[in-house]
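The values are calculated or read from the model by the stated rules, or taken from the named source; none is laboratory data. None of the values given here were measured: they were computed from a predicted structure. With ideal geometry, Cβ positions are generated from the backbone for all residues, glycine too; neighbour counts draw on all protein chains shown.
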Amino acid sequence: MKKLKMGMIGGGMGSFIGAIHRNAAFLDNCIELACGSFSSDFNNSLETGKNLFLDPSRIYKTYDEMIEKESSLDERDRMDFVSIVTPNHLHFDPAIKALNNGFPVIIDKPMTFDSIQAESLVKKVNETKLPFAVTHTYTGYPMVKEAKSIISSGKIGKLRKVAVEYPQGWLTSSLEKTENKQASWRTDPSKSGKAGSMGDIGTHAANMVEYITGNKITKLYSKVNTVVEGRLLEDDGNVLISLENGIEGNLMTSQIATGEENDLKIRVWGDKGGVEWKHSIPNTLLLKLDGNPTQIYRAGVDNSYLSDFALANCRTPSGHPEGFIEAFANIYRNFSFSVNNYKNSREDDILYDFPTVEDGLRGMKFIDAVIESSNSSKWINI
């Protein structure tokens with residue numbers, strides 16, 4: 001193991017998610033920021049790098065320059081991997097160039113602008129065998145991993161139904177018509193892609209369903225809505241989903257759920273019981289077994305009743321809150337283990353998992369199917 005050097009593309013001043021990525025990456029002291037091309041505005045990039053105490057010679061005007069110059073450095077000095085935190089339309093090109101130059105990649109979701117780009121990335125990752133992670137953050141929570149473990153153990157029996165909802169209220173008005181950069185690009189089809197809320201948060205919801213249940217969505221029927229007048233992409237939607245092994249379910253996303261903050265919730269039922277997890281109380285998992293009172297599972301390194309899978313991703317004693325940064329950090333830490341394992345020709349430990357390029361492709365296929373179904377009023381296979 002060695003401390004890894006990260007190069008970052010995007011995440012300059014005015015960015016929301018860039019700082020989140022950096023805080024998460026640094027939490028375990030196994031990653032440091034070595035270089036960056038933080039913005040298309042070089043003055044922004046310079047100021048960002050200065051505030052992050054970077055060597056000015058490693059603050060680059062473009063990601064092309066960063067990848068080229070870092071590739072030419074001695075292996076002891078160059079970056080070890082690239083973190084991409086740009087808007088969706090700027091995901092693919094730096095990712096493919098990083099991979100072509102031998103750098104592992106961790107990238108924000110949705111993975112690419114469209115599924116054609118996603119398929120190209122899958123092909124390249126399979127060709128290079130380089131580690132590649134997608135930051136579907138919510139899979140990093142210990143109690144999400146506990147839910148997955150409970151389900152895979154058969155404790156709630158044969159799965160029957162799943163329900164997931166992801167309401168937000170931040171786009172309940174025309175925020176994109178103000179100077180809010182986050183709203184502006186997320187509602188612009190030339191930057192976000194063909195989907196709004198279904199791309200931004202629907203991919204998270206779909207990923208959670210497949211991750212926790214261990215079953216893929218095979219087909220869906222959707223109705224998406226553009227509620228705010230003049231908005232170019234949908235901001236609300238409902239989806240019926242069919243999964244492998246006869247599991248049925250529903251998925252809802254909304255960014256015009258007035259008054260809501262960020263309350264992802266998933267419930268899964270089998271023939272012996274069910275589990276329930278909510279993002280607003282992430283340290284808690286409910287287990288509801290038939291004929292028994294509801295059991296409350298809590299995150300914490302001292303809660304020995306938890307699975308090894310959950311405990312490997314817990315950080316604090318029970319009763320001490322673990323939140324969004326810690327879940328994000330689990331993905332970065334687990335990815336860093338994989339990068340070190342790659343460099344040392346070791347196998348990955350499944351206790352330290354993270355979303356992969358295949359998960360990223362699944363997200364893009366989900367977007368395609370949702371929009372096609374809503375336009376055609378038909379069930380669409382994924």
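Among the candidates Ala98, Ala118, which residue alone is closer than 21 Å to Phe366 by Cβ and small (Gly, Ala, Ser)? Write out each step before concluding.
Values: Ala98 fails: closer than 21 Å to Phe366 by Cβ.
Of the residues listed, the single one that is closer than 21 Å to Phe366 by Cβ and small (Gly, Ala, Ser) is Ala118.
Among the listed residues Thr86, Thr48, which satisfies the condition of being over 22 Å from the mean Cα position of the chain (by Cα), surrounded by 23 or more Cβ atoms within 10 Å (Cβ to Cβ) and β-branched (Val, Ile, Thr)? I'd like the intermediate steps shown before the answer.
Details: Thr86 fails: over 22 Å from the mean Cα position of the chain (by Cα).
Matching residue, one of Thr86, Thr48: Thr48.
Output the number of the condition that Glu322 fails; it satisfies all remaining conditions of (1) among the charged types (D, E, K, R); (2) outside any loop (DSSP other than H, G, I, E, B); (3) within 23 Å of the chain's Cα centre (by Cα).
With respect to (1) among the charged types (D, E, K, R); (2) outside any loop (DSSP other than H, G, I, E, B); (3) within 23 Å of the chain's Cα centre (by Cα), Glu322 is out only on (2).
Does at least one position in region 273-285 carry a residue that is surrounded by 13 or more Cβ atoms within 10 Å (Cβ to Cβ), out of contact with any Lys or Arg (no Cβ under 7 Å at 6 or more places or on another chain) and among the basic types (Lys, Arg)?
no
Being crowded, with 20+ Cβ neighbours inside 10 Å and more than 23 Å from Phe337 (Cα to Cα): is that true of Met79 here? Give the derivation first.
Working: crowded, with 20+ Cβ neighbours inside 10 Å: yes; more than 23 Å from Phe337 (Cα to Cα): no.
Here the answer is no, as Met79 does not meet what is asked.
Return yes or no: is Ala310 within 13 Å of Thr139 (Cα to Cα), out of contact with any Leu (no Cβ under 7 Å at 6 or more places or on another chain), hydrophobic (A, V, I, L, M, F, W, C) and in a helix (DSSP H, G or I)?
yes
Among the residues of region 242-263, which ones are surrounded by 23 or more Cβ atoms within 10 Å (Cβ to Cβ) and either within 12 Å of Glu165 (Cβ to Cβ) or over 22 Å from the mean Cα position of the chain (by Cα) (or both)? Don't jump to the end; show me each part of the working.
Our first condition is that a residue be surrounded by 23 or more Cβ atoms within 10 Å (Cβ to Cβ); within region 242-263, this holds for 249, 251, 253-255.
Gly249, Leu251, Thr253, Ser254, listed by residue number.
Go through (1) of a type in the set (Gly, Ala, Ser); (2) touching a strand residue (DSSP E or B) at 6+ places or on another chain (Cβ under 8 Å); (3) more than 16 Å from Gly363 (Cβ to Cβ) and name the single condition Gly202 misses.
Against the list (1) of a type in the set (Gly, Ala, Ser); (2) touching a strand residue (DSSP E or B) at 6+ places or on another chain (Cβ under 8 Å); (3) more than 16 Å from Gly363 (Cβ to Cβ), Gly202 comes up short only on (3).
Which residues, counting only those in region 296-350, are touching a helix residue (DSSP H, G or I) at 6+ places or on another chain (Cβ under 6 Å) and within 25 Å of Arg22 (Cβ to Cβ)?
Of everything in region 296-350, those that are touching a helix residue (DSSP H, G or I) at 6+ places or on another chain (Cβ under 6 Å) and within 25 Å of Arg22 (Cβ to Cβ) turn out to be Ala299, Asn313, Cys314, Arg315, Ile325, Ala327, Phe328, Ala329, Asn330, Ile331, Tyr332, Asp348.
Within region 160-193, work out how many residues are part of a loop (DSSP other than H, G, I, E, B), of a type outside the set (A, V, I, L, M, F, W, C) and surrounded by fewer than 19 Cβ atoms within 10 Å (Cβ to Cβ).
Step one: filter region 160-193 for residues part of a loop (DSSP other than H, G, I, E, B), giving 168-174, 178-180, 187-188, 193.
Then drop every residue that is not of a type outside the set (A, V, I, L, M, F, W, C), which leaves 168-169, 172-174, 178-180, 187-188, 193.
Still in the running and surrounded by fewer than 19 Cβ atoms within 10 Å (Cβ to Cβ): 169, 172-174, 178-180, 188.
So the count comes out to 8.
Considering each of Gly157, Gly196 in turn, give the residue that is of a type in the set (Gly, Ala, Ser), modelled with pLDDT of 95 or more, crowded, with 16+ Cβ neighbours inside 10 Å and farther than 24 Å from Ile281 by Cα. Give the steps one after another, and end with the answer.
On the way: Gly157 fails: crowded, with 16+ Cβ neighbours inside 10 Å.
Every option except Gly196 fails the conditions.
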